[in-house]
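These notes are about the structure you will find just below.
The values are calculated or read from the model by the stated rules, or taken from the named source; none is laboratory data. This structure is a prediction, so every number in the text was calculated from the model and none was measured. A quick note on method: Cβ atoms are made from the backbone with ideal geometry, for glycine too, and the neighbour counts reach across all protein chains shown. Only protein heavy atoms, including side chains, enter the accessible area calculation; ligands, DNA and RNA are left aside. Shrake-Rupley method; radii C 1.70, N 1.55, O 1.52, S 1.80 Å.
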Amino acid sequence: MVVKNNAEFGIELALSVPYAYWLHKQDQLETVITSKGMKPFYYFCDDVREEYNHRTIDNKAAGLDELPNNWIHGDNGKGVLDYSKWICPPYKEYFSNNEFLFKNKTVFIINKYNWEHDHIPYGYFDIQCLYNIFNILTSKGYTVIYKRCDNKSPSITFDQNEQKSLISGYTDIRANVEGIGTITDKELTQYYDDVILFDDLLKTSNYSYNETQLKVMANCTHYISVCGGNGILSSLFGGNTILYIHTGKELRPGYFGKDSYFQKLSDNKLTPIFDVIHNIKDNYTPEPYEHKVNTTGKNDYSELLETIKLL
């Protein structure tokens, strides 16, 4: 069998990879045709062809209709998939290593700053939020690995949202910090002994972007991410995953129930944090959600920070 698609990153992780791994376990997988940079995620396949230089948010054009599950939210719209031909690979077991080891328990934080399906970014951690997160975690003795792709890496294949973000200038998260001046989120990491920028690990790595990422994440115990592809990635390795959710189908009641794909990606303990920002178009229609609505027009990270304090 040949598995072929160039869907969004998270969709590929949740729908394509588990089907390919199921085929592998049945000795039926022959070839995977995927996007540039994705070969490490299909480590179990001998014939992986990275033929696509772009991803698409058009599910039909991406080839998802050729998979057992063609919509990430499932038939009921609550993230429950058909698992009859779905097995997630044991990434933590396979990629655990003695190369990327750190002196303390390690938290991997993935941030993003992207145009999001026709609206400006809200699904991200701003510099004040990151400052608070770094202070909380380092004071508790954690080592922090911080990663945010700036949509310019030649090692990654992007979709239309990420391409539009780059064109629109959403490349850096910046803020004026008292006593320092204007800095970016990546520059903020330089002010902490126990916060490591993923980009710096990549500079000295002998592996590709995604293989380095998988090896580093496999050695971590905790993960913090915004919902979406990075949230799915963070849920692949067991441990504790804290997921910040501000819009989308994931707001539906019961979306993170025991039968959700999020709960089956690994044996992770997942904690969703909901911040339903009222001026994002799909938070009200076509159905109401059972979460408190944030009417300030900006992100409210308070519940996220309180949850991180409990780690």
### Query
Name the trypsin sites (Lys or Arg not before Pro) in the range 1-110 that are in a loop by DSSP and that have at most 10 other C-beta atoms within 10 Å, would you?
Lys103
### Query
Under a point-charge model restricted to the Cβ atoms of Lys and Arg (+1) and Asp and Glu (-1), what is the dipole moment magnitude of the chain relative to its Cα centre, in debye to the nearest 20?
420 debye
### Message
Using amide H atoms built in the peptide plane, which far-off residues or other-chain residues are under 5 Å from Leu29 H to H?
### Response
His24
### Query
Too long at a 27 Å Cα-Cα cut-off: which of Lys60/Lys92; Lys186/Lys298; Lys186/Lys258?
Lys60/Lys92; Lys186/Lys258
### Query
In the chain, which longest range has no GluC sites (Glu not before Pro) that are both DSSP loop (not H, G, I, E or B) and surrounded by at most 16 other Cβ atoms within 10 Å?
179-289
### Glu303/Tyr192 FRET efficiency (R0 25 Å; Cβ-Cβ; nearest 0.05)
0.60
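Taking only DSSP H segments of four or more residues, each worth -39500 (n - 2.57), what value at 222 nm results for the chain once the sum is divided by all its residues, to the nearest 500 deg cm²/dmol? All intermediate terms of the calculation are to be shown ahead of the outcome.
Working: 11 runs with 77 residues, N = 311.
Calculated mean residue ellipticity at 222 nm is -6000 deg cm²/dmol.
Regarding the range 67-121, what's the average projected area of the Cα-atom convex hull, expressed in nm²?
7.2 nm²
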### Message
Let's test the formula: R0 of 41 Å, r as the Cβ-Cβ distance of Asp75 and Glu178. What FRET efficiency results, to the nearest 0.05?
### Response
0.20
### Message
Name the residue from Phe41, Gly141, Leu29 whose Cα lies farthest towards the positive end of the charge dipole of the range 1-151, charges +1 on Cβ of Lys and Arg and -1 on Cβ of Asp and Glu.
### Response
Gly141
### Message
If you take volume of the Cα convex hull per residue in Å³ from the coordinates, which of (1) 184; (2) 134; (3) 114 do you get?
### Response
(2)
### Query
In units of 2.2 N^0.38 Å, what is the alpha-carbon radius of gyration of the range 13-100?
1.15
### Message
How much length would be gained if the chain were fully extended between Asn135 and His278, taking 0.36 nm per residue of separation minus their Cα-Cα distance, in nm to one decimal?
### Response
48.6 nm
### Query
In Å², what does the accessible area per residue of the range 1-60 work out to with a 1.4 Å probe?
43 Å²
